[in-house]
Amino acid sequence: MVFPLKYKAVVVVSKGKFELQEKTITHLEPNQVLVKVLAEGVCRGDEVCVEFGHHPRVPGHEVIGVIEEVGANVHLWKKGQRVGAGWFGGRCGDCPSCRKGDFATCIKHFTTGLTHDGGYAEYLVQPQEALALIPSQLSNEQAAPIVCAGVTVFGALRNSGAKPGDIVAIQGLGGLGHIAIQYSLKMGFKTVVLGRGTSKKEEALRLGAHLFIDWEERKTDPGVQTLKEWGGANVILSTSPPKALAGTPDILAVNGTIVTVSGSHEHIPLSPLELLVKRGKVMTCISGSSIDWEDALKFTVLTGVSTQIKTYPLEKAEEAYREMLKGDNFGRIVLVPSQK
């Protein structure tokens with residue numbers, strides 16, 4: 001690879017404003033890897049960059065690509081390998097979290113597409129510790145959502161305390177929810193879906209859900225009583241905004257856990273009393289570091305989980321982003337740069 005390298009990128013130049021620009025990479029630092037982007041997932045987390053980040057910045061943290069060059073000190077990777085990059089964008093190595101090996105909670109919060117340029121581009125420069133190897137069985141488009149959306153719900157489920165045979169309720173049936181349903185079933189959980197209306201009921205049942213409840217009509221939906229007769233949900237995994245959690249302790253099993261993966265600033269509308277009578281608890285889950293991405297990718301291949309994908313060319317990144325924000329998609333949106 002000969003530097004300087006010129007490439008196209010979609011840049012957020014100011015709050016909410018996108019521009020397709022030509023950018024230049026002059027060199028790699030010793031710890032950096034140059035990745036040619038083959039697919040880039042569009043995620044709700046991109047809103048942090050677009051609306052609240054420091055600009056200009058290239059957003060995007062669901063990146064799949066092939067390594068084209070490595071820095072002088074890179075020992076983990078070599079040219080030609082297919083890799084992915086998610087939210088975790090590196091570590092300082094010195095803070096208490098890093099010293100404990102909990103790199104995802106590094107105090108510096110290095111983030112792909114937020115503290116350094118992300119994957120809405122033809123190329124990505126990434127620290128070597130913030131990459132994951134992509135299994136050959138997954139296409140670029142299928143792999144992209146797994147390094148953020150997939151690993152988020154995968155980690156939430158495997159850290160929830162649920163055991164095979166337990167009842168898990170998935171709240172929300174969008175980009176995260178349709179992956180979460182599949183993971184829940186493959187992990188051996190009896191899976192209930194809490195939807196907003198019934199428009200996605202057929203899809204939930206097609207994916208294998210054992211029960212669908214219209215959460216907006218929970219006072220009259222017979223599924224609520226059915227779930228209570230089963231003993232309630234041992235785990236409620238919410239992929240919806242915090243306000244959707246209102247009333248969920250009513251269907252929680254004793255000693256159950258409510259897990260939210262929302263990155264919202266909204267308050268969770270739950271009272272201590274609602275949880276106290278069930279000895280219930282609330283926990284959160286973040287998307288983890290690169291080794292967690294690899295775990296989720298391997299599990300995806302092992303169990304045959306698939307993601308429903310809609311693709312856009314890189315040049316239509318803003319259109320894809322705006323569509324994602326509407327929240328009407330059942331699956332995930334993926335940008336595909338043109339390959340020269």
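The values are calculated or read from the model by the stated rules, or taken from the named source; none is laboratory data. Quick caveat, the model's predicted, so the values are computed rather than measured. A quick note on method: Cβ atoms are made from the backbone with ideal geometry, for glycine too, and the neighbour counts reach across all protein chains shown. For the accessible areas, the whole protein counts, side chains as well, though only heavy atoms, and no ligand, DNA or RNA atoms are used. Shrake-Rupley method; radii C 1.70, N 1.55, O 1.52, S 1.80 Å.
Angle check, please: helix 290-303 long axis (alpha carbons) against the longest principal axis of the chain (alpha carbons), in degrees 0 to 90, nearest 10.
60 degrees
Over all distinct Cα pairs, what is the inverse of the mean 1/r for the stretch 60-214, reported as the Kirkwood hydrodynamic radius in Å?
Working: mean 1/r = 0.0575 Å⁻¹.
That comes to 17.4 Å for the stretch 60-214.
If we restrict to alpha carbons, what Rg and Dmax does the stretch 1-146 come to, in Å?
Cα only, the stretch 1-146: 14.7, 41 Å (Rg, Dmax).
May I ask you to list the aspartates and glutamates whose Cα is less than 14 Å away from that of residue 278, ignoring any residue fewer than eight positions away on the same chain?
250
Lysine pairs in the stretch 91-206 with alpha-carbon atoms under 28 Å apart, 8 or more places apart or on different chains: how many are there?
10
Compute the helix-to-body angle for 149-158: its Cα long axis versus the longest principal axis of the chain, expressed 0 to 90° and rounded to tens.
50 degrees
What percentages make up the Cα-Cα pair-distance distribution of the stretch 159-259 when the bins are 5 Å wide from 0?
It works out to 3, 15, 28, 29, 20, 6, 0, in whole percents.
Can you tell me the length gained on complete extension of the stretch residue 14 to residue 51, counting 0.36 nm per residue apart and subtracting the Cα distance? Working shown, then result.
Details: separation 37, 0.36 × 37 = 13.32 nm, distance 0.83 nm.
Result: 12.5 nm gained on full extension.
Which peptide among 138-147, 106-115 comes first, and what is the full order, when sorted by highest mean count of other Cβ atoms within 10 Å? Please report the intermediate quantities before stating the final value.
Details: 138-147: 25.7, 106-115: 19.9.
Ranked from most to least packed, the peptides come out as 138-147, 106-115.
Helix-only estimate, please: 222 nm mean residue ellipticity of the chain, summing -39500 (n - 2.57) across DSSP H runs of length 4 or more and dividing by its residues, to the nearest 500.
Details: 10 runs with 79 residues, N = 340.
Here the helix-only value at 222 nm equals -6000 deg cm²/dmol.
Could you order 309, 236 by accessible surface area, starting with the largest, using a probe radius of 1.4 Å? Show your work: numbers first, answer last.
On the way: 309 55, 236 0 Å².
Largest to smallest exposure gives the sequence 309, 236.
Run the accessible area of the chain with a 1.4 Å probe and give the carbon-and-sulfur part as a rounded percent. Walk me through the numbers on the way to the answer.
Numbers: 7970 of 15300 Å².
Ligands and nucleic acids excluded, carbon and sulfur give 52 percent.
Quick one: compute the contact order of the chain, relative version, from alpha carbon pairs under 8 angstrom and 6+ residues apart, as a percent.
Worked out over the chain, it gives 18 percent.
Could you give the angle, 0 to 90 degrees to the nearest 10, between helix 177-186's Cα long axis and the longest principal axis of the Cα atoms of the chain?
Helix 177-186 sits at roughly 70 degrees to that axis.
Subtracting the Cα-Cα distance from 0.36 nm times the residue separation, let me have the gained length for residue 282 to residue 255 in nm, one decimal. Walk me through the numbers on the way to the answer.
Details: separation 27, 0.36 × 27 = 9.72 nm, distance 1.08 nm.
Result: 8.6 nm gained on full extension.
Excluding same-chain residues fewer than 8 positions from residue 6, which aspartates and glutamates have a Cα within less than 15 Å of its Cα?
Straight-line reach from residue 6, under 15 Å: 22, 68, 69, 117, 122.
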